[in-house]
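The values are calculated or read from the model by the stated rules, or taken from the named source; none is laboratory data. Worth saying up front: this structure is predicted, and the values here are computed from it rather than measured. Note that we place each Cβ from the backbone using ideal geometry, even for glycine, and neighbour counts take in every protein chain shown.
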Amino acid sequence: MINSKLPNIETSIFAKMSKMAAEHNALNLSQGFPNFPSDPALNALVDEAMREGFNQYAPMPGDFGLRMEISKKIENLHNHFYNPETEITITAGATQAIFTIIATTIIEGDEVIIFTPAYDCYAPTVELFGGKIVPIQLKPPFYAVDWQEVADKISSKTKMIIINSPHNPSGMLFSKDDMLELQDLAEKNDLFVLSDEVYEHIIFDGNVHQSASRFEALTERSFVTASFGKTFHNTGWKMGYCVAPEKLMKEFQKVHQFVVFCVNHPIQKAMATYLKDENHYLKLSDFYQQKRDFFLHLMKGSNFKIIPSKGTYFQMLDFSEISNESDIVFAERLTKELKIATIPTSVFNEGKKDFKQIRVCFAKTDETLSQAAKILQQL
C-alpha cells in the first residue's frame, strides 16, 4: 500500500475537460494548445538535425548553440546577460523546470507565496517537498496584486514567491511597478523568486513584458522559466528552458541531471537555428492579437462580460448575467449540450472561490473561433 505524498490530488481539470470534449464531440477551447501546425520550416530543421545524426544524448545543460541564442535573445530584449556556459539549462518544458526549481530550493516547513488563480503544478510540487503554500487571491475583473497583502503574508518561514506573467488564466500582466515592489520585498526578506514567463512573447496592445530578467537586484535571486512549446505552437515537443545566476543554476543542475539528465537533442539543434531569426518570436504578439481581436469581435453583443486579455492566448468570459450555476456545472453543461469545452476557473482559486468565469483558448484556427463564437452567442 502506497502512503500517498499527494493524497488530495485529482486528475487535472485540463485532462477532464479535454476527455469530456472528446466524449461529446465538442469544440475544445479548454486545454491550452493550438489546433494549427507549427512552422513547416521548424519541422524541417528537426528532420535535418535527425538526418545529421543528433540522435544521442545532448549535453546535460542543453545544446550550447541553443543556450547562446537564448542568451542573446534575453540580452537584446531585457538588457541582461546570462552566461550560456553556466546560467542557462534546457528543460523538458517549463513544468519540468518549475518542478526542478522547487525541488532545488524548498524543504520541509518552507512557505511559498503564490497568486491564485494559479497554474495547477505550483502547489502540489511545493507540497511534495514538504513546503506550505500561502495563497494570495487575485480578484476580477483586473486581477491586480495588493502588495501590502503580500508583505503582510511574508513570515520568517517564507522562502519563495512564485509569479506568472503574462498570467494564466486571467490574461493580466505584471507592470514595471509590480516588479519593483516584488524586487523590494524579495530583497528585504531574502526570498527566492520563481518567474513563470511561458507566454513572454504573447503580449497585446503595445504593452511590454516586464521579465524578472530586467531588474538587476531581482535577477540575482530569480529563476526564470520559459516554453518553446507555447511560443512556437508545438506543446507536444515539451521543450523549455530555465535561466538563473550561476550560484542558483549550479544547484538547479544538480537536481536536473537526475530528473531528465538532458532533453530532446534534434529539437534543440533545430531551435538553435530557428531562434537566429528574431521575427519568429517578435511577431508572435501581432499574430495572437489578431486572433484575440477576431474572437472578441465575434463575441460583441453577447451576454458574457468580457475584459480583453492583455497577454497569453486565453480569454476570460464572465457568465454571471447568463447563469447562477457554478462554473464547473456551467462548463460541463456547455460541453455536453452545446458541444463546446472551456475551463472553469474556480479550480485555480483559493478555496475554489467561484467568480462565475470560464477560460477559453483562442490559439485556434479562425474557423474554430467562428464556430465557438456562434455557439456562445446563443447563451
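Considering only residues of region 119-159 that are acidic (Asp, Glu) and modelled with pLDDT of 95 or more, which is surrounded by the most Cβ atoms within 10 Å (Cβ to Cβ)? So the residue we want is Glu127. Looking at Pro7, Pro84, Pro61, Pro34 in this structure, which one is modelled with pLDDT under 95 and either closer than 18 Å to Lys250 by Cα or crowded, with 20+ Cβ neighbours inside 10 Å (or both)? Answer to the selection: Pro34.
On inspection, Leu182 does not qualify as within 16 Å of Pro117 (Cβ to Cβ) and assigned by TED's automatic domain parsing to the domain that holds Pro140. Considering the conditions (1) surrounded by 15 or more Cβ atoms within 10 Å (Cβ to Cβ); (2) out of contact with any Asp or Glu (no Cβ under 9 Å at 6 or more places or on another chain); (3) at pLDDT 95 or above, Asn43 is excluded by exactly one of them, (1).
Val329 falls short on exactly one of the conditions (1) outside the structural domain of Asp205 (by TED's automatic domain parsing); (2) touching a Ser or Thr at 6+ places or on another chain (Cβ under 8 Å); (3) farther than 20 Å from His201 by Cα, and that condition is (2).
Just to be sure, is Ser222 closer than 28 Å to Arg292 by Cβ, under 17 Å from the mean Cα position of the chain (by Cα) and polar (S, T, N, Q)? Considered against the rule, which asks whether it is closer than 28 Å to Arg292 by Cβ, under 17 Å from the mean Cα position of the chain (by Cα) and polar (S, T, N, Q), Ser222 comes out as no. Among the residues of region 161-173, are any more than 30 Å from Phe362 (Cβ to Cβ), of a type outside the set (Asp, Glu), assigned by TED's automatic domain parsing to the domain that holds His209 and surrounded by 20 or more Cβ atoms within 10 Å (Cβ to Cβ)? Looking through region 161-173, none of the residues is more than 30 Å from Phe362 (Cβ to Cβ), of a type outside the set (Asp, Glu), assigned by TED's automatic domain parsing to the domain that holds His209 and surrounded by 20 or more Cβ atoms within 10 Å (Cβ to Cβ).
Taken over region 233-271, the criterion of being over 22 Å from the mean Cα position of the chain (by Cα) and of a type in the set (A, V, I, L, M, F, W, C) is satisfied by Phe258, Phe261, Ala270. Counting just the residues of region 293-308 that are loosely packed, with under 15 Cβ neighbours inside 10 Å and within 22 Å of the chain's Cα centre (by Cα), which one comes out nearest to Asp366 (Cα to Cα)? Across region 293-308, the extreme among qualifying residues is Asp293.
With the structure loaded, tell me whether Ala103 is modelled with pLDDT of 95 or more, of a type in the set (A, V, I, L, M) and out of contact with any helix residue (DSSP H, G or I) (no Cβ under 9 Å at 6 or more places or on another chain) or whether it fails that test.
Spelling it out, it is not the case that Ala103 is modelled with pLDDT of 95 or more, of a type in the set (A, V, I, L, M) and out of contact with any helix residue (DSSP H, G or I) (no Cβ under 9 Å at 6 or more places or on another chain).
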